[in-house]
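Please read the structure below before turning to the comments.
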Amino acid sequence: MKTVCIGAGPAGLYTAICLKLAEPDHDITVLDGDPRGATYGWGVCFSDDVFDLLYANDRVSARTVRRASVRWQGQETHLDGGVSRMGGYGYAVLRASLLEALERRAIQLGVRVEHDHPVEDPTELADADLVVVADGAGSRVRQLYADAFGTRVETGHNPYIWLGTDTVFHGMVFAAEPTPTGWIWLHGYPSSRHVSTCVVECTEETWRWLGLDERDEEDGLHLLENLFRQVLEGRSLISQSRGEPARWLRFRDVTNDRWTHGNVVLIGDAAHTTHFTVGWGTKLALIDAVELVRSIRDYPHDLPAALRDFDERSRPFMRRVQSAARGSMAWYEHADDYLAGRTAVEAAYAMATRDSERPRRNVEHFQRKQRPPARWMRDARQTAERIRRAAQRGEYTLVPAWQRGPAPVTRPSPLREASQPAARQRPAGVGGGSSPRAS
């Protein structure tokens, strides 16, 4: 079978890897419109279940991604001079490092990866048995067949920008600063041992009042550095990663009634987007890749049936995830109402629950859990759980091999594992789920 993946992001590259591992004789090509080495955006966040998925499907690329990742521990909310500290942990990696690892592994397996090769119309690929469209939220191929896919795209209200900083955060950071027209806030997290990611967001009114719609790149960065100088510890914000300068965006909520049209299938942000505050973009792209290959393996001689199976299993799950993500986006679009007059603890509680109410008893219980003894016990439990899961998937040798047993190829289903309510899994403030070009 000849397969062409359009887009060399996580979805396209990991689909190629999983297909090649499943069927080494497959002829697989990844075509990408950007130059080799270009990447847009900074860090992306992972959780343990993402590494469970990566190790279960391809330990070689999983180890490379893990080595390039950093672990974050704890979450801080900075508001009106106060600080709230919560628990939690996770991982983050520079988007450039993630793509390098996946591309290197794909080429090692025999996949052809061609850059500077944009695809406007899949009819250019008439000799391909399967065309996997993984070119992001602004997918040109999806737009060409928008009626066939039943595409709907809605644009969020808040402007946001995805930046880097040479401030190295130790955990998730949320900081909000008041202006005469409302609040402007920053989501930050470490992306490597040397840089962190910062997503800055505000309402349209605040954005215009600050003049961010008219300032040039240098002037805009200088303004943001001054606004967030305390949490940035006086250090710099960085606009360019390895491509074009960062620009202000508005989130695009992409949904499709169908993810397949003939031999063309949508995955990743081309099929669905989730707001960056839930931090699921890369995770869902990887799940799509695994589930698509699962369907192809289940129907090895019937590609139309395989694509129907992928579509019918995956879209219902995605509807639930997107619904939760829209709730998170709506909370932040009304964050001015929820942050005004609150302490850092009350703001952290509101973000953790995405709730506009603040029952005193609930907030007090939340505050008690942040006292040092409670934090130390919580962090110790989370550290033990992190080590256990890392050992279970083979990162460490603390668990004997006879206890671990063989790693499953693609079982259990990542759709089933990921189907826990998104609101229960998200940190209080998260960013960097998807490439800004794809959002």
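The values are calculated or read from the model by the stated rules, or taken from the named source; none is laboratory data. Keep in mind that what you see is a predicted model, and the values were worked out from it rather than measured. Every residue, glycine among them, receives a Cβ derived from its backbone with ideal geometry; neighbour counts consider all protein chains shown.
Let's see how each residue does on (1) over 30 Å from GLU100 (Cβ atoms); (2) of a type outside the set (A, V, I, L, M, F, W, C):
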position: LEU210; (1), (2): yes, no
position: GLU217; (1), (2): no, yes
position: VAL231; (1), (2): no, no
position: GLN240; (1), (2): no, yes
position: GLU244; (1), (2): no, yes
position: ARG258; (1), (2): yes, yes
position: ALA271; (1), (2): no, no
position: VAL278; (1), (2): no, no
position: LEU284; (1), (2): no, no
Worksheet item: Is it true that some residue in segment 201-219 is in a strand (DSSP E or B) and of a type outside the set (Asp, Glu)?
Response: yes
Item to complete: Test ASP269 against the criterion of being part of a helix (DSSP H, G or I), free of Cβ contacts under 8 Å to residues at least 24 places away in the same chain and either touching a strand residue (DSSP E or B) at 6+ places or on another chain (Cβ under 8 Å) or not polar (S, T, N, Q) (or both), and give yes or no.
Response: no
Practice prompt. Kindly indicate whether any position in segment 281-288 is in contact with a strand residue (DSSP E or B) (Cβ under 6 Å, 6 or more places away or on another chain), within 18 Å of ALA11 (Cα to Cα) and of a type in the set (Val, Ile, Thr).
Written response: yes
Worksheet item: Does segment 218-239 include one or more residues that are within 30 Å of GLY74 (Cβ to Cβ), crowded, with 22+ Cβ neighbours inside 10 Å, under 19 Å from the mean Cα position of the chain (by Cα) and in contact (Cβ under 8 Å) with a residue 12 or more places away in the chain?
Response: no
Worksheet item: For segment 240-263, how many residues are among the aliphatic types (A, V, I, L, M) and surrounded by fewer than 23 Cβ atoms within 10 Å (Cβ to Cβ)?
Response: 1
Worksheet item: When TYR55 is evaluated against the numbered criteria (1) modelled with pLDDT of 95 or more; (2) within 17 Å of the chain's Cα centre (by Cα), which criterion, by number, is the only one it fails?
Response: (2)
